[in-house]
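Below is one structure, written out as structure tokens, with a few remarks after it.
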Amino acid sequence: MAAVNSTSRNASAYGVVQTGAWILLLTAATSAGQQATVSAYHDPVELVKKAVQNEIKAANDDTARFLFHGIKTTPKGSTTRIYVETKEATAGLVVANNGKALTPEQREAEEARVERFINNSEELRKKREQEHENAERTMRIVRALPDAFLFEYAGEEPGSEGIGRAGVPLVKLSFRPNPRYQPPSRVEEVLTGMQGYVLVDSARYRLASIDGTLFKEVGFGWGILGHLDRGGRFIVHQQEAGDNFWEISSMSLSFNGKILLFKNLSISSTEIFSGFKRVPPDLTFAQALELLKKEEPAVATDKSCCQQTRPTSD
């Protein structure tokens, strides 16, 4: 998977803030890490640096592309989608609302929405550019992590379904802002108000989980002035999906704030991902839509699709 997940492609204010909540998540694609034991790491910062180096390397390898399912739950209900990553952009198709398959009319409208990217090269170009910009912002944050935070060893936890590798020990590190860190731009400024913990697979150099909370109000930029209130929280889990490929398994967001300095903002959602399947790396957007249509009937009627444990924390 590329450096930014396909669910954060929205160009709206909501999508921008959602991307901000994701920025600490180091999504992975390929590349197995060197073998090591948990006890070998007495320096938490060194472990984080190695993980960051590995994640950056993996993010730069876009040869691995996937088809996967996701179900997003908000106070208004749930939406089930299928996603396919392509060399042009990520295609996503809604297949069910509140656990019910779309009506023929809704399905036709949803397929037409996706087809517009095939029929309008300018729309597809804009979508691709937005995904690239999101990935660039993410990588700026990734590179800043070792300098932006102070890390402390906080014990070990076993990996479980949806978090790392089941049964494999994970290093737990608490983090808090480094008072000496000076954010080079508003993109990194959000890091100055976050604290929490991460779970790291020290043998694979992967982040299996990150739980971050805003302990103060922080501003954000990315073209939209605003701020996120104190108390906002996100929890993101990653898991090994097989063959050393790591994927996001779940994400929970809870934020309040303002955008454009006066409009209230409230985000409360949980999204769970499953059903990862490799697809050809040279897949086109048009071919992806055909895959989505084939996958749609089974996913829309599968009541167990993506019904995993919600992200939780200590």
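Each reported figure results from applying straightforward, stated rules to the coordinates on display, with no laboratory input. Quick caveat, the model's predicted, so the values are computed rather than measured. So basically every Cβ, Gly included, is an ideal-geometry build from the backbone, and we count neighbours across all protein chains shown.
Observations, loosely collected:
- Stokes-Einstein diffusion for region 122-201 at 37 °C, viscosity 0.692 mPa s, with a Kirkwood radius from C-alpha pairs, works out to 222 µm²/s.
- Summing charges over all other residues whose Cβ lies under 14 Å from the Cβ of Pro177, with Lys and Arg as +1 and Asp and Glu as -1, gives -1.
- Residues in region 79-91 carry Karplus couplings, in order, of 9, 9, 10, 10, 10, 9, 8, 10, 5, 9, 4, 8, 9 Hz; the curve used is 6.51 cos²θ - 1.76 cosθ + 1.60 with θ = phi - 60°, and Gly or Pro positions show x.
- Fraction of C-alpha pairs exceeding 36 angstrom in region 6-301: 15 percent, rounded to a whole number.
- 3J(HN,Hα) from dihedral phi, region 264-269, Karplus parametrisation 6.51/-1.76/1.60, rounded to Hz, x for glycine, proline: 5, 10, 9, 10, 8, 7
- Summed side-chain charge close to Arg230 - residues other than Arg230 whose Cβ falls under 10 Å, Lys, Arg +1, Asp, Glu -1: -1
- Distance between region 193-272 and region 89-155 - C-alpha centres, whole angstrom: 15 Å
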